[in-house]
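Enquirer: Below is the structure I would like to discuss, written out as structure tokens.
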Amino acid sequence: MDNIEVLKKLKEFISGGTILVRSPGRINLIGEHTDYNEGFVLPAAIDKAAYVALTPRADNKVYLYATDLKEQYVTDIDEIIRVNDSNWPNYLLGVVHQFKLAGVKLQGFNAVLTSDVPIGAGLSSSAAVECAMALALNKILNADFTKLTLAKMAQKAEHDFAGVRCGIMDQFASIFGKQNHVIRLDCRSLEYQYVPFHLKGIKIVLFDTDVKHSLAASEYNIRRTQCENGVELIKQHFPDIKSLRDVSIEMLEKYVLPVDRTIYSRCKYVVEENNRLQRACSDLSNNDILSFGKKMFETHDGLSQLYNVSCDELDFLVDSVRDESSVLGARMMGGGFGGCTINLVKENAVDALIEKVSSLYKKIMHKHLKAYIAETADGTSIIKTI
């Protein structure tokens, strides 16, 4: 949706004092499940976004409405608690809770949400909602928090109200995104740099499995714990080790493999992925997209075979394009167990590839394949103050 479409869609909810915020979803070119291990990631904001129209009220009521679901939730500013019977309000309420914890004086408001970030596709639709809400509250309450603080507050909202112990990448990419660039983010120091991302003659194509397994959130948290367990095993011998960022394959082979093969596999993937991302950034700097694409395939294999967060549908989609000369790289993207694969595809072959893979997916997996073409975009911003 463009800004005009959004204004038309939300016009009945807009009145004096309304702030309209756009916050994008994200892709991640390489560096998956490394953010919560203090590693490196390479995301970009995309041209699909969540929009929040926030209007202050004269009382203490909080009125939330999701236009796409046609659902509402009403509470009081003094009763901001996690909702158990519906998930979408938690992404908004969790952010309000963070402002409350920060000591900001709150007031009642109406918040209306719409989004064209596909849910469950691994494009961080939840982070887009959280960051949109964070910027809207920051403006309307004159809180004056920095962009980095807002990203951290949105991340904490995901931890505390959505129950997913995500790393910082999703929220950071949503807020700090820059059109025609990816972000090389050090998830330990939060130092970052914009890397130009101009793929002449190449499109970013997302194949959506239309699958979201219920175990995704719980398994995500399990993977995080397994990585922490691996670090603890190594810390017995190297007390200064803080995360898998500091670990070598040799350490894993000597101190983790003899104790627990599963934890070893999880940690091995993360260490290899961090190393792979560093080399991938060099590929981009050298405009070597072929080498970069090969590393995307390597990442998928690691996620599938070592980290074990893929599924039959994701593996099928990646395997179906491995031998396509028009596809430079492909892998599953996001937490796993469903969602999207990300593919770098020669522009003149996009339509034919979508048709071919869709047909195969229907024939073999008996599922409808959704395809999106994504472009990089700017990060979270206020698009209208009424």
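The values are calculated or read from the model by the stated rules, or taken from the named source; none is laboratory data. Everything quoted here is computed from the prediction, not taken from an experiment. Note: ideal-geometry Cβ built from the backbone for every residue, glycine included; neighbour counts use all protein chains shown. Protein only, heavy atoms only, side chains kept; ligands, DNA and RNA dropped before computing areas. Shrake-Rupley method; radii C 1.70, N 1.55, O 1.52, S 1.80 Å.
Enquirer: Residue check: is Lys203 in contact (Cβ under 8 Å) with a residue 60 or more places away in the chain, open to solvent by 70 Å² or more (accessible area, probe 1.4 Å) and in contact with a strand residue (DSSP E or B) (Cβ under 6 Å, 6 or more places away or on another chain)?
Expert: no
Enquirer: Can you pull out the residues in the range 111-136 that are more than 12 Å from the chain's Cα centre (by Cα), surrounded by fewer than 24 Cβ atoms within 10 Å (Cβ to Cβ) and not polar (S, T, N, Q)?
Expert: Val112, Asp116, listed by residue number.
Enquirer: Could I ask something else about it? Which condition from (1) in contact with a Lys or Arg (Cβ under 6 Å, 6 or more places away or on another chain); (2) more than 15 Å from Val41 (Cα to Cα) is the one that Tyr194 breaks?
Expert: (2)
Enquirer: Sticking with this one: Please find, within the range 341-350, the residue that is farthest from Lys203 (Cα to Cα) out of those that are within 26 Å of the chain's Cα centre (by Cα) and in a helix (DSSP H, G or I).
Expert: Among residues in the range 341-350 that are within 26 Å of the chain's Cα centre (by Cα) and in a helix (DSSP H, G or I), the one farthest from Lys203 (Cα to Cα) is Val350.
Enquirer: Moving on to the next point. List every residue pair whose Cβ atoms sit under 7 Å apart, with the two residues 6 or more apart in sequence or on different chains, where the first one lies in the range 14-29 and is more than 30 Å from Gly335 (Cβ to Cβ) and among the hydroxyl-bearing types (Ser, Thr, Tyr) and the second, anywhere, is open to solvent by less than 30 Å² (accessible area, probe 1.4 Å) and assigned to a strand (DSSP E or B).
Expert: Filtered contacts from the range 14-29: Ser15/Thr55; Thr18/Ala53; Thr18/Leu54; Thr18/Thr55.
Residues checked against (1) within 18 Å of Gly379 (Cα to Cα); (2) buried (at least 16 other Cβ atoms within 10 Å of the Cβ); (3) of a type in the set (Ser, Thr, Tyr); (4) out of contact with any Asp or Glu (no Cβ under 9 Å at 6 or more places or on another chain):
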| residue | (1), (2), (3), (4) |
| --- | --- |
| Thr146 | yes, no, yes, yes |
| Lys156 | no, yes, no, yes |
| Phe172 | yes, yes, no, no |
| Tyr192 | yes, yes, yes, no |
| Pro196 | yes, no, no, yes |
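Enquirer: Here are some residues: Ile234, Ile263. Which one is open to solvent by less than 30 Å² (accessible area, probe 1.4 Å) and either small (Gly, Ala, Ser) or more than 18 Å from Glu32 (Cα to Cα) (or both)?
Expert: After ruling out the rest, the residue left standing is Ile234.
Enquirer: Let me spell it out: the conditions are (1) in contact (Cβ under 8 Å) with a residue 40 or more places away in the chain; (2) farther than 21 Å from Phe197 by Cα; (3) open to solvent by 50 Å² or more (accessible area, probe 1.4 Å); (4) not polar (S, T, N, Q), and Ala53 meets all of them except one. Which number is the exception?
Expert: Evaluating Ala53 over (1) in contact (Cβ under 8 Å) with a residue 40 or more places away in the chain; (2) farther than 21 Å from Phe197 by Cα; (3) open to solvent by 50 Å² or more (accessible area, probe 1.4 Å); (4) not polar (S, T, N, Q) leaves (3) as the failure.
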